[in-house]
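Read the structure below first, then the notes.
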Amino acid sequence: MAQHHDGILIIDFGSQYTQLIARRVREAHVYCEIHPPSRTIAWIRDWKPKGIILSGGPNSVYGESVPTADPALLELGTPVLGLCYGMQLLAHARTIASAECRN
């Protein structure tokens with residue numbers, strides 16, 4: 001049975017500000033949870049967030065053995081906000097999706 005959280009899902013890629021981001025979201029009277037980047041697209045879909053925040057971290061999308069985000073995240077129809085590394089991930093995922101469309 002799928003849960004309907006009606007809130008914001010924060011994916012934490014190691015940012016030192018993730019807890020602060022969650023606090024500010026909650027201060028706006030919006031439910032949110034922090035989860036690791038290992039969550040699958042199926043799990044995120046079942047969680048049914050109203051929005052997703054990809055909280056940054058110290059990595060670069062061009063580094064080796066760095067956490068990634070599935071490009072399918074952009075196909076869920078859910079608003080996604082990327083901060084720092086999270087924004088890099090969104091741009092990188094968008095580039096990958098665009099390259100696949102051209103081929």
How far apart, in nm, are two points set 7 Å out from the Cα along the Cα-to-Cβ line at residue 27 and at residue 81?
1.3 nm
Modelled label-to-label distance, residue 43 and residue 17, 7 Å Cα→beta-carbon offset: nm?
2.5 nm
Given charges of +1 on the Cβ of Lys and Arg and -1 on the Cβ of Asp and Glu, with all other atoms neutral, how large is the dipole of the chain about its Cα centre, in debye to the nearest 20?
220 debye
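Only the coordinates and a few stated rules stand behind these numbers; no lab work does. Remember, predicted model here, so these are calculated numbers, not experimental data. Reconstructed Cβ throughout: ideal geometry from the backbone, glycine too, with neighbour counts over all protein chains shown.
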